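The values are calculated or read from the model by the stated rules, or taken from the named source; none is laboratory data. What you see is a predicted model; the values in this text were computed from it and never measured. In this analysis, Cβ positions are derived from the backbone assuming ideal geometry, glycine residues included, and neighbour counts consider all displayed protein chains.
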Amino acid sequence: MKRCWQICGVLLFALVTVSCGGSSSLDNTEAAVYLTIEVTEYNPDIDICIQAGDISVDQMEISSQLKNPSGAISSTDDVTLSRWVITPYRTDGGSTNSPEWSYDHTVFVPAGGTADLENYRVYPLEFLNEIPLAYLLPENGGFDPETGNTNIRQSLELVIYGNTVSGKRVATRAVPIAFNFFCLEQ
């Protein structure tokens, strides 16, 4: 019985320790900087029947800012981003999402600076033939059975992961990129 109380005490201590951890969105990485993405230009309307290549964003900017604005910045806070993760989610009331996609591509962001990107892909062409977007193709009926609509609205949530020069993990804040998928060949 005494052993049971000891185990319960240790478990209670572990639970309290874990639950008291900080959860600020600025502190979700080890790095002294945090990164934000601003999508400045893209085409949100995608006709899946005539789309000829991967879905891309025409222009976006990744900004690096110090978590502590009065802190010192150095080149060890420069960031090399390498893993792009895109998680689609429905914004039209449907529940079936397109598949998550990730790929490796390197982008350098100087500490306290920006990286201006042009024509970066955010979703592969072949996923336009996967459920739920495949429902919009004429051979599959041309409408989404969940909503009854001839279009599907999804946001592609983009997060890019990497490391600072000093080896600290860092990730961009998640940014949703809204798209309206349809097929006019009906």
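Condition first: part of a loop (DSSP other than H, G, I, E, B) and touching a Phe, Trp or Tyr at 6+ places or on another chain (Cβ under 9 Å). Now tell me which residues in the range 59-87 satisfy that.
Going through the range 59-87, the residues part of a loop (DSSP other than H, G, I, E, B) turn out to be 67-74, 78.
Listed by number, the residues that qualify are K67, D78.
Looking only at the range 67-84, count every residue that is buried (at least 17 other Cβ atoms within 10 Å of the Cβ) and either free of Cβ contacts under 8 Å to residues at least 60 places away in the same chain or over 12 Å from T164 (Cβ atoms) (or both) and tell me the total. Lay out the reasoning, then the answer.
Applying the first criterion (buried (at least 17 other Cβ atoms within 10 Å of the Cβ)) to the range 67-84 yields 73, 77-79, 81, 84.
With the extra rule that they be either free of Cβ contacts under 8 Å to residues at least 60 places away in the same chain or over 12 Å from T164 (Cβ atoms) (or both), the set shrinks to 73, 84.
Final tally of qualifying residues: 2.
Got a sec? Which strands (runs of 3 or more DSSP E) wholly within the range 88-186 have at least 1 residues that are of a type in the set (K, R)?
On the way: elements: 101-109, 114-123, 151-164, 169-171, 175-182.
Where strands (runs of 3 or more DSSP E) fall fully within the range 88-186 and carry at least 1 residues being of a type in the set (K, R), they are 114-123, 151-164, 169-171.
Does A178 satisfy the condition of being under 16 Å from the mean Cα position of the chain (by Cα) and exposed (fewer than 15 other Cβ atoms within 10 Å of the Cβ)?
Criteria met by A178.
For the range 158-172, enumerate the residues that are buried (at least 17 other Cβ atoms within 10 Å of the Cβ) and hydrophobic (A, V, I, L, M, F, W, C).
L158, V159, I160, V170, A171
Keeping to the range 106-130, report how many residues are without any contact (Cβ under 8 Å) to a residue 60 or more places away in the chain and closer than 14 Å to S56 by Cα.
2
How many of the residues in the range 98-116 are buried (at least 16 other Cβ atoms within 10 Å of the Cβ) and under 18 Å from the mean Cα position of the chain (by Cα)?
Going through the range 98-116 one residue at a time, the tally reaches 5.
Please go through (1) without any contact (Cβ under 8 Å) to a residue 40 or more places away in the chain; (2) crowded, with 16+ Cβ neighbours inside 10 Å; (3) out of contact with any helix residue (DSSP H, G or I) (no Cβ under 7 Å at 6 or more places or on another chain) for L136 and return the number of the only condition it doesn't satisfy.
(1)
What is the number of the single condition among (1) crowded, with 19+ Cβ neighbours inside 10 Å; (2) part of a strand (DSSP E or B); (3) within 15 Å of the chain's Cα centre (by Cα) that S56 does not meet?
S56 satisfies all of (1) crowded, with 19+ Cβ neighbours inside 10 Å; (2) part of a strand (DSSP E or B); (3) within 15 Å of the chain's Cα centre (by Cα) except (1).
Condition first: within 25 Å of V170 (Cβ to Cβ) and aliphatic (A, V, I, L, M). Now tell me which residues in the range 49-70 satisfy that.
V57, M60, I62, L66
Would you check if there is a residue in the range 140-150 being of a type in the set (D, E, K, R), buried (at least 20 other Cβ atoms within 10 Å of the Cβ) and in contact with a strand residue (DSSP E or B) (Cβ under 9 Å, 6 or more places away or on another chain)? Steps first, answer last, please.
Quick first cut of the range 140-150, residues of a type in the set (D, E, K, R) only: 144, 146.
Now restrict to residues that are buried (at least 20 other Cβ atoms within 10 Å of the Cβ): 144.
Now drop any that are not in contact with a strand residue (DSSP E or B) (Cβ under 9 Å, 6 or more places away or on another chain), which leaves 144.
The answer is yes; a qualifying residue exists.
Can you say whether I50 is out of contact with any strand residue (DSSP E or B) (no Cβ under 8 Å at 6 or more places or on another chain) and either under 18 Å from G167 (Cβ atoms) or in contact (Cβ under 8 Å) with a residue 24 or more places away in the chain (or both), as far as the supplied structure shows? Let's see the steps before the verdict.
Working: out of contact with any strand residue (DSSP E or B) (no Cβ under 8 Å at 6 or more places or on another chain): yes; either under 18 Å from G167 (Cβ atoms) or in contact (Cβ under 8 Å) with a residue 24 or more places away in the chain (or both): yes.
Yes.
Can you name the number of the only condition in (1) free of Cβ contacts under 8 Å to residues at least 60 places away in the same chain; (2) touching an Asp or Glu at 6+ places or on another chain (Cβ under 6 Å); (3) among the hydroxyl-bearing types (S, T, Y) that T87 fails?
All conditions pass for T87, except number (1).
Would you point out the residue of the range 59-95, among those that are of a type in the set (S, T, Y) and over 19 Å from the mean Cα position of the chain (by Cα), that is modelled with the lowest pLDDT? If you could, list the steps in order and put the result at the bottom.
Step one: of the range 59-95, the residues of a type in the set (S, T, Y) are 63-64, 70, 74-76, 80, 82, 87, 89, 91, 95.
This time we only want the ones that are over 19 Å from the mean Cα position of the chain (by Cα), so: 70, 74-76.
Values: S70: 84, S74: 90, S75: 93, T76: 94.
Per the criteria, the residue is S70.
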